[in-house]
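The values are calculated or read from the model by the stated rules, or taken from the named source; none is laboratory data. Just so it is clear, the model here is predicted, and its values are computed rather than measured. Glycine also receives a Cβ, built like all others from the backbone with ideal geometry; neighbour counts cover every protein chain displayed. Note: areas computed on protein heavy atoms with side chains; ligands, DNA, RNA excluded. Shrake-Rupley method; radii C 1.70, N 1.55, O 1.52, S 1.80 Å.
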Amino acid sequence: MAGDGGPADPAGDSGRGEGPQPGLAQLGEPVVAVAGELPGWAALVRAPNPGPMTLDGTNTWVLRAAGGGPAVVVDPGPADEQHLRAVAAAAGPVAGVLLTHGHPDHVDGLDRFRELTGAPLLTATSTPLLAATGEPLAGLAITALPAPGHTADSVCLLVDGAGQRAVLTGDTILGRGTTVVAWPDGNLGDYLASLRRLSELAGWPVLPGHGPALADCAAAAGYYLAHRQARLVQVAAAVAAGAGTPAEVVAVVYAGIDPALRPAAEWSVQAHLAYLDEQARESSTGSQPLDEP
Ligand SMILES: [Zn+2]
């Protein structure tokens, strides 16, 4: 998608018509508690691509248990030579690369990173991922959890290393603010279902695709669900008040938005409008009497 450099909801977690101009300042606060420390098996290398849509930059995660053999790298990040070399240096030997989703700020550096390290691209499956030798990858139990919504291809990775657990969420849950549903590839109904699954991970730290690690996936997912519900109410109210197009809804729900963020706001609004349409169709179908001739 042209210009889709990142995940952040352009109105952050307030998204009200009044109030300050959205942007980095508004996106600056984690919505739930930040993790005190990273699991011992995780290292973060942050790419130098900060911006209103990428927060501090893309997080590349290097995973390896102590004595666990070659590392696994999640989301090489943008095609930035210095960043990719820093990841390769932090990782040492690499057993493979995993992706949380296909947005360019996460995958543009993939080919160059594979050249630098010789590492294969691994396919995330729902069973624990194994190295070619049949051993657990990087000495860790890594399981993929499909999490469509931000994009159709989004996955989260559940990782357990010697009882230290965490979930890598890509752009499905961010370390600051809330994420955008990148309509039409993204789908709000799918996203809400993914968040409900993530809301069951009580006590699991979150290692997100942007921003700091969070202490509790269930708390973050619960906040995101409430935020989406509030945004749905705002969009439905704007439509009821006469807003007919996504641009008109954006003008009400995201009044005063930085013009650079307007396209992302329109995708997000389109995702909400599509969801409201779906709901309306379902309820009108459901209310038809079944015994009519
Ligand atoms: Zn993304």
Can you go through 105, 111 and tell me which one is away from the ligand (no atom under 15 Å from the Cβ), among the charged types (D, E, K, R) and not in a strand (DSSP E or B)? 111
Checked segment 120-171 for anything in a strand (DSSP E or B), on the phi < 0 side of the Ramachandran plot and within 16 Å of the ligand (Cβ to nearest atom); matches are 146, 155, 156, 157, 168, 169
Filtered residue count, segment 115-127, keeping only those that are charged (D, E, K, R) and crowded, with 18+ Cβ neighbours inside 10 Å: 0
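Checking the structure you have, find out if any residue of segment 217-238 is within 19 Å of residue 35 (Cβ to Cβ), open to solvent by 10 Å² or more (accessible area, probe 1.4 Å) and touching a strand residue (DSSP E or B) at 6+ places or on another chain (Cβ under 8 Å).
no
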Could you list, in sequence order, the residues of segment 172-201 that are in a loop (DSSP other than H, G, I, E, B), under 18 Å from residue 142 (Cα atoms) and over 10 Å from the mean Cα position of the chain (by Cα)? 200, 201
May I ask you to list the residues in segment 96-108 that are without any contact (Cβ under 8 Å) to a residue 60 or more places away in the chain and either open to solvent by 60 Å² or more (accessible area, probe 1.4 Å) or out of contact with any strand residue (DSSP E or B) (no Cβ under 8 Å at 6 or more places or on another chain) (or both)? 102, 107, 108
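Residue by residue, here is whether (1) touching a His at 6+ places or on another chain (Cβ under 9 Å); (2) in contact (Cβ under 8 Å) with a residue 40 or more places away in the chain; (3) open to solvent by 10 Å² or more (accessible area, probe 1.4 Å) holds:
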{"site": "61", "(1), (2), (3)": "no, yes, no"}
{"site": "67", "(1), (2), (3)": "no, yes, yes"}
{"site": "73", "(1), (2), (3)": "no, yes, no"}
{"site": "77", "(1), (2), (3)": "yes, no, no"}
{"site": "86", "(1), (2), (3)": "no, yes, yes"}
{"site": "94", "(1), (2), (3)": "no, no, yes"}
Would you mind finding the one in 59, 49 that is in contact with a strand residue (DSSP E or B) (Cβ under 9 Å, 6 or more places away or on another chain), polar (S, T, N, Q), modelled with pLDDT of 90 or more and farther than 22 Å from residue 217 by Cα? 49
Could you tell me which numbered condition residue 203 fails, if it satisfies all but one of (1) small (Gly, Ala, Ser); (2) touching a helix residue (DSSP H, G or I) at 6+ places or on another chain (Cβ under 9 Å); (3) modelled with pLDDT under 95? (3)
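So, residue 184, is that one open to solvent by 20 Å² or more (accessible area, probe 1.4 Å), in contact (Cβ under 8 Å) with a residue 60 or more places away in the chain and within 16 Å of the ligand (Cβ to nearest atom) or not?
Numbers: open to solvent by 20 Å² or more (accessible area, probe 1.4 Å): yes; in contact (Cβ under 8 Å) with a residue 60 or more places away in the chain: yes; within 16 Å of the ligand (Cβ to nearest atom): yes.
In short, yes.
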